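First comes the structure, then the notes that go with it.
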Amino acid sequence: MTDLLSVNGGSPLHGSITVRGAKNFVSKAMVASLLGTGPSELRNVPQIRDVDVVSGLLELHGVTVDYDPVAGVLKLDPSNVESAHVADIDAHAGSSRIPILFCGPLLHRLGEAFIPDLGGCRIGDRPINYHLDILRQFGAQVDKRAQGIHLTAPNGLHGTKISLPYPSVGATEQLLLTAVRAHGVTELAGAAIEPEIMDLINVLQKMGAIISVDTDRVIRIEGVDELTGYRHTALGDRIEAASWASAALATGGDIYVKGATQPEMTAFLNTFRKVGGQFEVDDDGIRFFHPGGDLSSIVLETDVHPGFMTDWQQPLVVALTQAKGLSIVHETVYENRFGFTDALRGMGATIQVYKECLGGRPCRFGQRNFLHSAVISGPTKLTAADIEVPDLRGGFSHLIAALAAEGRSTVRGITLIDRGYEAFTEKLTALGASFDRD
């Protein structure tokens, strides 16, 4: 399939679409299956590239994977786990960072793990230092080689006390996947508590893990000798739901997102309403719509959960180009997330980015020379342009801009969007968008 989408913009999106399991949870639950002695079944699994990548990595390690994309059911049998060649892992993983999370489970199952150099979206500094430091504290030995990293645990893995300087989602996931079968008790202070983290804890508890979460971001895990498989239905993808909500706002449309749930989206829904969007919640999903009239400018700051999540920021910025007045957005999670605004300025948006912490409290990027605050002036008419997708969320944001702009835009690199947005072109068709993907 071509990597190019030609979009005829300027028309509101109307209709109904469905979102399934969260990309940021499903891949981690798939890795968790490595820890079990029996098969696992994960439901509500979307057909996205990340699922294909993790499925392939699991198969390289001897896991039997059976996926029904129509039903969204994934069956995983880790009975015959084995080592995989680092070159095969590297070739299959591509730019994915998921192999780092295989380390804890593989150390428990095999006593060793190999990982290649890691990629991922270029939105900020996401070093694997946290991951390797955590594994070392559990007792892993890390040997950096030319082709990647080799880890062993000659004396087994043992519980430890760790305090994160920042509530990193990836580091919290690493600790959970490692601690559940480590000898003794593990305590993590400064943990991430995103809904996807909590659903991973639900999965691990179903497998036999003993995990408690305190109100002060402290997670405690009592290691167990053995875990079983699990049967679990993944929580919905709150990032995809918010992306379509922002598309409704930016195009003046009306989109019902089946599978969207209110509890995980509270911060987004509050902001959506402040901007001037309206929504209706029912048992099956949420309807997001532009009620007419002017949208309102806002001051917004991203934060870890339960704050306004960073992955909601980029799509909403496109909608803010249509709001009346000056909006200020302060990004505190990833320092380089405003690179996507270059394309928006090329389409006519008035956006300025700054090194200072604007509109909120000082953050960890304030003294480090990063352009991590943006001022958006609107409303501005967007016009068609040739756009190159920079990363997953920025790419979908560019797609929203193309749908809102007058004229015919070309969006290149859209296969990156397939990583996290299931059947997005089919959903565009269902919403009445005019486009070509030859």
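The values are calculated or read from the model by the stated rules, or taken from the named source; none is laboratory data. These numbers come from a predicted model, not from an experiment. Note: ideal-geometry Cβ built from the backbone for every residue, glycine included; neighbour counts use all protein chains shown. Protein only, heavy atoms only, side chains kept; ligands, DNA and RNA dropped before computing areas. Shrake-Rupley method; radii C 1.70, N 1.55, O 1.52, S 1.80 Å.
Looking at the structure I just gave you, is Leu74 more than 30 Å from Tyr256 (Cβ to Cβ) and surrounded by 19 or more Cβ atoms within 10 Å (Cβ to Cβ)? Against the criterion (more than 30 Å from Tyr256 (Cβ to Cβ) and surrounded by 19 or more Cβ atoms within 10 Å (Cβ to Cβ)), Leu74 does not qualify. Can you confirm whether Gln262 is of a type outside the set (D, E, K, R) and closer than 22 Å to Ile17 by Cβ? So Gln262 passes the test.
In the set (1) on the phi > 0 side of the Ramachandran plot; (2) open to solvent by 20 Å² or more (accessible area, probe 1.4 Å), Asp386 fails one condition alone, (1). Considered as a group, the residues in segment 35-47 that are part of a loop (DSSP other than H, G, I, E, B) and touching a Ser or Thr at 6+ places or on another chain (Cβ under 9 Å) include one that is least open to solvent (accessible area, probe 1.4 Å), and that residue is Gly38.
Do you know which residues across segment 214-234 are more than 25 Å from Ile162 (Cβ to Cβ), open to solvent by 30 Å² or more (accessible area, probe 1.4 Å) and not hydroxyl-bearing (Ser, Thr, Tyr)? Matches in segment 214-234: Arg231 only. The set of residues in segment 55-64 that are open to solvent by 30 Å² or more (accessible area, probe 1.4 Å) and not in a helix (DSSP H, G or I) contains only Thr64.
Here are some residues: Thr410, Thr380. Which one is of a type outside the set (Asp, Glu) and not in a strand (DSSP E or B)? Steps first, please.
Working: Thr410 fails: not in a strand (DSSP E or B).
Thr380 is the lone residue from the list that is of a type outside the set (Asp, Glu) and not in a strand (DSSP E or B).
Could you list, in sequence order, all residues of segment 338-377 that are assigned to a helix (DSSP H, G or I) and under 25 Å from the mean Cα position of the chain (by Cα)?
Going residue by residue through segment 338-377, those that are assigned to a helix (DSSP H, G or I) are 338-346.
Phe338, Gly339, Phe340, Thr341, Asp342, Ala343, Leu344, listed by residue number.
Counting the residues of segment 350-372 that are free of Cβ contacts under 8 Å to residues at least 12 places away in the same chain and either open to solvent by 50 Å² or more (accessible area, probe 1.4 Å) or touching a helix residue (DSSP H, G or I) at 6+ places or on another chain (Cβ under 8 Å) (or both) gives 2. A Cβ distance below 7 Å, combined with a sequence gap of six or more or placement on separate chains, defines the contacts here; from segment 332-349, residues that are free of Cβ contacts under 8 Å to residues at least 24 places away in the same chain reach residues that are surrounded by fewer than 24 Cβ atoms within 10 Å (Cβ to Cβ) in the pairs Arg345/Ile351.
Checking the condition within 30 Å of Thr172 (Cα to Cα), modelled with pLDDT of 95 or more, open to solvent by 20 Å² or more (accessible area, probe 1.4 Å) and of a type in the set (Val, Ile, Thr), which residue from Val375, Val299 passes? Break it down stepwise before answering.
Working: Val375 fails: within 30 Å of Thr172 (Cα to Cα).
Within the list Val375, Val299, the selection yields Val299.
Residues that are modelled with pLDDT of 95 or more, open to solvent by 10 Å² or more (accessible area, probe 1.4 Å) and not in a strand (DSSP E or B) within segment 1-22 comprise Gly10, Ser11, Pro12, Arg20, listed in sequence order.
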